[in-house]
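No lab work stands behind these numbers, since they all come straight from the coordinates. Here the structure is a predicted model, which means the values were calculated and not measured. Cβ atoms come from the backbone with ideal geometry, glycine included; neighbour counts cover every protein chain shown.
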Amino acid sequence: MDLQTLTDTTAALVEQGRGILAIDESTPTCNKRFDALGIPTTEENRRTYRELLVSGEGLSDHIGGAILFDETIRQTTGDGEAFPDFMASRGIVPGIKVDTGAKPLAGHPGELVTEGLDGLRDRLDEYREMGARFAKWRAVITIGDETPTRACTEANAHALARYAALCQEAGIVPIVEPEVLMDGAHGIDRCHEVTATTLATVFEQLHTQDVRLEGIVLKPNMVISGLLHEDRAGPDEVAERTLACLRDCVPAAVGGIAFLSGGQDDVEATEHLDLMHRLDGDLPWPLTFSYGRALQRSALRIWQGRPDNVDDARNALLERARLNSLAARGRYHADAEQPV
Ligand code: 13P
């Protein structure tokens, strides 16, 4: 393993206020989002949409890398250039989602374990050949009355660590994503407790598998109330709790932390990140964003699958990325938001 290659990639992804653009929705998930807006769910539409997202002029000022799905990494832009080559030529590091999805965990109703380790070494080699320099694996932890169980937390942490070790062996930076879902009526205390246990278990497993922490990017959820909680915590509390939890559980050696948005709306996700930087200007790791929905939402709505709207949609994504890049340095102001 060449640690320098890994730390160079990590720096390109998350340093100087840059974040990561997650456009790695599986085909069924992407189709579901298109369907909701009446956009035809064709391969060509998925290709066109992903191209408009990565082709904004100056996007790399705010975005260090973008995570692709298997279909996209094999596609070409309208000008016939492979997506990874196109992105790399514009200063955006190509990444790839390599898990094969969260499946029911045997014996544990309502809980999921992420699969995809079988054959992963060969798939990583192929993706590296295509130009991928980082990868993503998402584990899902569900909060309920009886969950998460120890079985679920440990199975997912173990799989994340084995995935991360395989990535580093292949010279690919692993994004380690243990997502505690926002779904449910739980309060912020419960999210805090579950997130802390999840992170502690993940770092224990990463240590057991000899994963070099300088060569990973952690992609956690924020510590936040469940979406159905009756009295959801405000932005200051989310920022304070999240930072406290990360400081308790994430070793300073970690190359970077890039949050998922997990169902937060666009402005909320930007504001939370900004507040964290205003609270603490001396964090041990780069702290930034790796949003999917919170970066894409307005671009997708504006595009509508219509060629006439491509420029406006691209500009909407660029603007959202710019605001998040400001937030990643504690320099965002809500009055910069345009009324939608
Ligand atoms: P969201 O920001 O929409 O949660 O997506 C991030 C991601 O990559 C989920 O795996």
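Quick check on the chain: helices-only [θ] at 222 nm, where DSSP H runs of length 4 and up contribute -39,500 (n - 2.57) each and the sum goes over total residues. Nearest 500, please. Display every interim value, and only then the final one.
Numbers: 12 runs with 155 residues, N = 340.
Theoretical 222 nm ellipticity from helices: -14500 deg cm²/dmol.
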> Tell me, what HN-Hα J-couplings in whole Hz come from the Karplus equation 6.51 cos²θ - 1.76 cosθ + 1.60 at θ = phi - 60° for each residue of the range 50-57, using x for Gly and Pro?
Replying inline: 5, 5, 5, 5, 9, 10, x, 5
>> Kirkwood hydrodynamic radius, the chain, all distinct C-alpha pairs: what's the number in Å?
In response: 19.9 Å
> Label ARG121 and SER26 with points 7 Å out from Cα along Cα→Cβ: what is the distance between them in nm?
Replying inline: 2.6 nm
>> Amide H of GLU179 versus every other amide H placed in the peptide plane: which residues, excluding those fewer than 5 positions away on the same chain, fall under 5 Å?
In response: ALA139, VAL140, ILE141
> Using the Karplus equation 6.51 cos²θ - 1.76 cosθ + 1.60 (θ = phi - 60°), what ³J(HN,Hα) coupling, rounded to whole Hz, does each residue of the range 219-234 give in order, writing x for Gly and Pro?
Replying inline: 10, x, 7, 7, 7, 8, 5, x, 4, 9, 5, 6, 9, 5, 5, x
> Put a dot 7 Å past each Cα toward the Cβ at GLU81 and ARG301; how far apart are the dots in nm?
Replying inline: 3.1 nm
> Once phi is turned into ³J(HN,Hα) by the Karplus curve 6.51 cos²θ - 1.76 cosθ + 1.60 with θ = phi - 60°, what whole-Hz value does each residue of the range 135-147 show in order, with x for glycine and proline?
Replying inline: 9, 9, 9, 10, 9, 10, 10, 9, 8, x, 4, 10, 10
> So, how do all the Cα-to-Cα distances of the range 1-44 break down into 5 Å bins, in percent, from 0 on up?
Replying inline: 5, 18, 16, 12, 9, 11, 14, 10, 4, 0
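In nm², what is the average projected area of the convex hull enclosing the Cα atoms of the range 267-337?
Details: hull surface 19.3 nm².
The orientation-averaged projected area of the Cα hull of the range 267-337 comes to 4.8 nm².
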> How much length, in nm to one decimal, is gained on full extension between VAL267 and GLU193, taken as 0.36 nm per residue of separation minus their Cα-Cα distance?
Replying inline: 24.1 nm
>> Show me the GluC sites (Glu not before Pro) within the range 40-99 that DSSP assigns to loop and that have at most 12 other Cβ atoms within 10 Å of their Cβ.
In response: GLU57
>> Taking just the alpha-carbon atoms of the range 86-143, what radius of gyration and Dmax come out, in angstrom?
In response: 14.8, 48
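Which value, in Å³ per residue, describes the convex hull spanned by the Cα atoms of the range 172-275?
Details: hull volume 9.9 nm³, N = 104.
Convex hull of Cα atoms, per residue: 96 Å³.
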>> Can you tell me the length gained on complete extension of the stretch ARG247 to GLU169, counting 0.36 nm per residue apart and subtracting the Cα distance?
In response: 25.3 nm
>> If I build a Gaussian network model for the chain, linking alpha-carbon pairs within less than 10 angstrom, which residue out of ALA294, ALA185, ALA132 has the largest mean-square fluctuation?
In response: ALA185
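Please say if the range 1-146 is rounded, prolate or oblate, where rounded means a/c under 1.5 for a ≥ b ≥ c the square roots of the C-alpha gyration tensor eigenvalues, and otherwise the choice is prolate for a/b larger than b/c and oblate otherwise? Intermediate values should be presented prior to the final figure.
Values: a/c = 1.71, a/b = 1.24, b/c = 1.38.
Verdict is oblate for the range 1-146.
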> By DSSP, what percent of the beta bridges with both residues in the chain are antiparallel, rounded to the nearest 5?
Replying inline: 15 percent
> Along the Cα-to-Cβ line of GLU71, 7 Å from the Cα, sits a label point; which residues in the range 79-102 have backbone N less than 15 Å from it?
Replying inline: 97
> If we count every other residue with Cβ under 13 angstrom of GLN338's Cβ, Lys/Arg +1 and Asp/Glu -1, where does the sum land?
Replying inline: -3
>> What distance in nm lies between label points placed 7 Å from Cα along the C-beta direction at GLU237 and ASP312?
In response: 3.9 nm
